[in-house]
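Have a look at the structure below, then the notes.
The values are calculated or read from the model by the stated rules, or taken from the named source; none is laboratory data. Computed from a prediction, not measured in an experiment: that's the story for all the values here. Ideal geometry is used to build each Cβ from the backbone, glycine not excepted, and the neighbour counts take in all protein chains shown. Each accessible area value is taken on the protein alone, full model and side chains, heavy atoms only, with ligands, DNA and RNA left out. Shrake-Rupley method; radii C 1.70, N 1.55, O 1.52, S 1.80 Å.
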Amino acid sequence: MRIVKAIFGHMSGRIGGIIVLIYVVLAILGMLGVTPHDPLMQNRIDRLHAPSLTYWMGTDLFGRDVASRLMKGIGESFVVAFFSVAAATLVGTVLGLTAAWSGKRWDGVIMRTMDVLLAFPAILLALLIIAIVGPGTWTSVAAIAIVYTPIFTRVVRGPALSLKGRDFVDAARTFGSSRFYILTRHLLLNLVAPLTVQVTLALAWSLLTEAGLSFLGLGTQPPASSLGLMLSDSRNLMETAPWLLIFPGVTIMISILGFNLLGDALRDILDPKMRRATI
């Protein structure tokens, strides 16, 4: 509760937290099917209907309600973002702790592998993985997780190397604590703050990457809804039905803004130098 109070006491945290909370609620409602209309139901009579009281954000080329498809698309995008970031966090944390603890040999192998992955632009590496495996929602999850694993590995390894030489770690070794206990109790717990900030920022990046992959037709496949897929479908209708481009684009922009604002607030709140002034 204290961290929540601190977030909503921070200007960026308050705005970002409200945006993220609204999006999470919309994502849950969309995944549960609680939408104004059936997002997959086609109605040829109402095709390309402008925003109105019946269709809040208009309809698309097949007469499907844009607002309902946006809610469903937010849910699909959030599933990809959360699962990919969760996998990247888990694997990156394990690799970072292993590299920091195991010494030069494993440290060199792990970090040089991460350097190779970091040499590729994120979207290009994701495209390469999907081109090999094939498009799909869970392929996007795996590709984005692989892309962002090196970032989490670096975030964990640096502080872990510093903590490894601290007196309390030496004391734990002296008292016969197991390696697993030291890694989890003394190293990992002291890395919660930077990991939390990195997870929040990575969620914004993964949402953008997922939208880009879906836009290119390599992410979520039709007839399922996806924010990037909705943008792609509206390219040829910009002049006749601009709402098909505006609403998905604004939705992506605001979601990324919300996570970035929340990440900035968490960085300030969890910084020991600013914690007293913020909390």
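For every residue, the table says whether it meets (1) at pLDDT 90 or above; (2) assigned to a helix (DSSP H, G or I); (3) among the aliphatic types (A, V, I, L, M).
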{"site": "L207", "(1), (2), (3)": "yes, yes, yes"}
{"site": "G219", "(1), (2), (3)": "no, no, no"}
{"site": "P222", "(1), (2), (3)": "no, no, no"}
{"site": "N236", "(1), (2), (3)": "no, yes, no"}
{"site": "M253", "(1), (2), (3)": "yes, yes, yes"}
{"site": "L257", "(1), (2), (3)": "yes, yes, yes"}
{"site": "N260", "(1), (2), (3)": "yes, yes, no"}
{"site": "I269", "(1), (2), (3)": "no, yes, yes"}
Near pairs, Cβ below 9 angstrom, 6+ apart or cross-chain, from the range 175-194 (free of Cβ contacts under 8 Å to residues at least 12 places away in the same chain) to any residue that is open to solvent by 50 Å² or more (accessible area, probe 1.4 Å): S177/R185
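Within the range 101-120, does at least one residue satisfy the condition of being assigned to a helix (DSSP H, G or I) and within 14 Å of L191 (Cβ to Cβ)? It would help to see each step written out before you state the result.
The initial filter retains those residues of the range 101-120 that are assigned to a helix (DSSP H, G or I), namely 101-102, 104-118.
Checking which are within 14 Å of L191 (Cβ to Cβ) leaves us with 101.
Within the range 101-120, one or more residues are assigned to a helix (DSSP H, G or I) and within 14 Å of L191 (Cβ to Cβ).
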field: Hits in the range 8-59 - residues which are open to solvent by less than 70 Å² (accessible area, probe 1.4 Å) and within 24 Å of R267 (Cα to Cα)
entry: G9, H10, S12, G13, G16, G17, I19, V20, Y23, V24
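Listed here are the residues, each with its yes/no results for (1) at pLDDT 90 or above; (2) in contact with a Pro (Cβ under 9 Å, 6 or more places away or on another chain).
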{"residue": "I15", "(1), (2)": "yes, no"}
{"residue": "I22", "(1), (2)": "yes, no"}
{"residue": "A27", "(1), (2)": "yes, no"}
{"residue": "G33", "(1), (2)": "no, yes"}
{"residue": "L40", "(1), (2)": "no, yes"}
{"residue": "L48", "(1), (2)": "no, no"}
{"residue": "L61", "(1), (2)": "no, no"}
{"residue": "A67", "(1), (2)": "yes, yes"}
{"residue": "L70", "(1), (2)": "yes, yes"}
message: Quick check on my filter: what residues within the range 123-147 are small (G, A, S) and buried (at least 23 other Cβ atoms within 10 Å of the Cβ)?
response: A126, S140, A143, A145
- prompt: If you check S162 against the conditions, is it over 23 Å from F215 (Cα atoms) and not acidic (D, E)?
  reply: yes
message: Please count how many residues of the range 105-115 are open to solvent by 70 Å² or more (accessible area, probe 1.4 Å) and within 22 Å of the chain's Cα centre (by Cα).
response: 0
